[in-house]
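Here is the structure we will look at.
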Amino acid sequence: NNRLNYLDAVKLLAISSVIYGHCIQHYMGLSMQSLPYMLIYSVHMPLFMLISGFFSRNSLELNFKEFCRKKCKQLLQPYVSWQLISIAIKLLIGSFSIEECVRYDFWFLISLFICSMLTWVYAHLNGYWKNIYLFGTILLLQFGIFRLRDMYPCFLVGYFISCRRDF
């Protein structure tokens, strides 16, 4: 068994934090300035991205076509499916905004897709091109779409940790 039990515990913590964070935000009425809200929201998604980056190493070894096919199936298909369901529900209850749907609903799937694609390119570069590419992508991500400015460095840290780890 090659499972890393401590990472399963970290994944459980991250998932529980996401659920608890959404509960206190939407159902308990805690403000965004409350300590529990700030603690959970400063940790849960970066932790999720770090773990995703850690486990991305094997799929990054695929050729580009296989990698794209796998990531589209894992991330883009669920994104589109859940967006359509979300839009249908919002249309029924009369609170539909395309901007809010694209910006806030399931944003983490698009963020994870982009982080994966950027890291695939990085993993297939050699020499000093890796450093130039890494510097360039981090500069480009300062635009902040899909929280990539915050999420991509966390994804990369997870990836770098997995590259340094002997399996």
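Taking region 122-152, which residues are open to solvent by 50 Å² or more (accessible area, probe 1.4 Å) and under 17 Å from the mean Cα position of the chain (by Cα)?
Residues satisfying the conditions are 138, 142, 143, 145, 147, 149, 150.
For the condition polar (S, T, N, Q), without any contact (Cβ under 8 Å) to a residue 24 or more places away in the chain, in contact with a Phe, Trp or Tyr (Cβ under 7 Å, 6 or more places away or on another chain) and at negative phi, what is the one hit in 77, 83, 33? So that I can check it myself, show each step before the final result.
Numbers: 77 fails: in contact with a Phe, Trp or Tyr (Cβ under 7 Å, 6 or more places away or on another chain); 33 fails: in contact with a Phe, Trp or Tyr (Cβ under 7 Å, 6 or more places away or on another chain).
None of the other options fit; the residue is 83.
Suppose we filter 130, 71 for residues that are within 18 Å of residue 159 (Cα to Cα), of a type outside the set (A, V, I, L, M, F, W, C) and in contact (Cβ under 8 Å) with a residue 40 or more places away in the chain; which single one remains?
Exactly one of 130, 71 is within 18 Å of residue 159 (Cα to Cα), of a type outside the set (A, V, I, L, M, F, W, C) and in contact (Cβ under 8 Å) with a residue 40 or more places away in the chain, namely 71.
What is the number of the single condition among (1) modelled with pLDDT under 80; (2) on the phi > 0 side of the Ramachandran plot that residue 22 does not meet?
Status for residue 22: all satisfied but (2).
Of the residues that sit in region 53-89 and are farther than 22 Å from residue 100 by Cα, in contact with a Ser or Thr (Cβ under 8 Å, 6 or more places away or on another chain) and not charged (D, E, K, R), which one is most open to solvent (accessible area, probe 1.4 Å)?
55
Test residue 96 against the criterion of being assigned to a loop (DSSP other than H, G, I, E, B) and of a type in the set (Phe, Trp, Tyr), and give yes or no.
Spelling it out, residue 96 is indeed assigned to a loop (DSSP other than H, G, I, E, B) and of a type in the set (Phe, Trp, Tyr).
The values are calculated or read from the model by the stated rules, or taken from the named source; none is laboratory data. Quantities reported herein were computed from a predicted structural model and do not represent experimental measurements. Every residue, glycine as well, gets a Cβ built from its backbone with ideal geometry; the counts of neighbours run over all protein chains shown. Please note that ligands, DNA and RNA were not included when accessible areas were found on the heavy atoms of the full protein model with its side chains. Shrake-Rupley method; radii C 1.70, N 1.55, O 1.52, S 1.80 Å.
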